[in-house]
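Some notes on the structure that comes next.
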Amino acid sequence: MPELVFFSGTMDCGKSTLALQIGHNRSARGLQGVIFTRDDRAGEGKLSSRLGLVTEATEAAPGMDLHAYLVDRLSRGGRVDYVIVDEAQFLAPEQIDQLARVVDDLGLDVFAFGITTDFRTKLFPGSQRLIELADRIETLQVEAMCWCGARATHNARTVGGEMVVEGEQVVVGDVNGPAAEVGYEVLCRRHHRRRMTSVSAHAGALSPDVLPVAPPE
Ligand SMILES: [Zn+2]
């Protein structure tokens, strides 16, 4: 039976790498897939992973009907054996419904990869709809780590390394972006709640008023 599978995780947990691996394994078996993505770090129409691999993809633009796109492609004699969607959290809920129709009406497997929650710990609308509709949800096994060494479960948005909690839900940035700009860092919940990024933790460690013991006389 074809399935709608949601592979979820934090940023930096290897989602895009797994998406590329699934595509590679299937094309090695002679299967042809369609890869959708939105706002990939490598630019429009690309699916890239942090390990440096890049492949061509179709940009799932706002308002695009993904089901109609695939029906059109099939009716022109194109071949589609499976569908991969990266950055699925950025899709509109209606587009997730379209993906469910691709599974049910076109009989194709759809593998969607996305972050569940935003920098304020709220579900992205696309991820919420995937949780509601998916046949199966897989939590990625390659776990990202907080600076403290604990399992990172939350995404923080940073400006100049300091965590911010206000702003638009979607601002494209990266975990390795320039320090002064909007970036992201994965944290454990404890440090997300305390707004302690690696930069602010380091600054705190250097500040004399939070030294755990008094300095020698
Ligand atoms: Zn931590």
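Quick notes on this structure:
- The residues of the chain have, on average, 53 Å² of accessible surface per residue, using a 1.4 Å probe with all protein chains present.
- Within the accessible area of region 143-207 (1.4 Å probe), percent carbon and sulfur: 51 percent
- When its C-alpha radius of gyration is set against 2.2 N^0.38 Å (N residues), region 1-142 gives a value of 0.96.
- Along region 11-22 the Karplus relation, 6.51 cos²θ - 1.76 cosθ + 1.60 evaluated at θ = phi - 60°, assigns HN-Hα couplings of 5, 6, 10, x, 4, 5, 5, 5, 4, 5, 5, 4 Hz to successive residues, with x for each Gly and Pro.
- Summing +1 for each Lys or Arg and -1 for each Asp or Glu among the other residues whose beta-carbon sits under 12 angstrom from that of residue 43 gives -2.
- Three principal axis extents of region 143-207 based on alpha-carbon atoms, in descending order, are 28, 28, 20 Å.
- When the trypsin sites (Lys or Arg not before Pro) in region 29-58 are filtered for DSSP coil states and for at most 12 other beta-carbon atoms within 10 Å of their beta-carbon, the remaining sites are 29.
- Whole-number D in µm² s⁻¹ for region 101-182, Kirkwood Cα-pair radius fed into Stokes-Einstein, 25 °C, 0.890 mPa s: 163 µm²/s
- Of the GluC sites (Glu not before Pro) in region 12-74, those whose Cβ has at most 15 other Cβ within 10 Å and which sit in DSSP loop: 44
- Sequence of 148, 13 when ordered by accessible area, the most exposed leading, probe 1.4 angstrom: 148, 13
The values are calculated or read from the model by the stated rules, or taken from the named source; none is laboratory data. Every value quoted in this text rests on a predicted model; they were computed, and no experiment measured them. Reconstructed Cβ throughout: ideal geometry from the backbone, glycine too, with neighbour counts over all protein chains shown. Ligands, DNA and RNA are stripped out before the accessible areas are found, and what is left, the full protein with its side chains, is counted by its heavy atoms. Shrake-Rupley method; radii C 1.70, N 1.55, O 1.52, S 1.80 Å.
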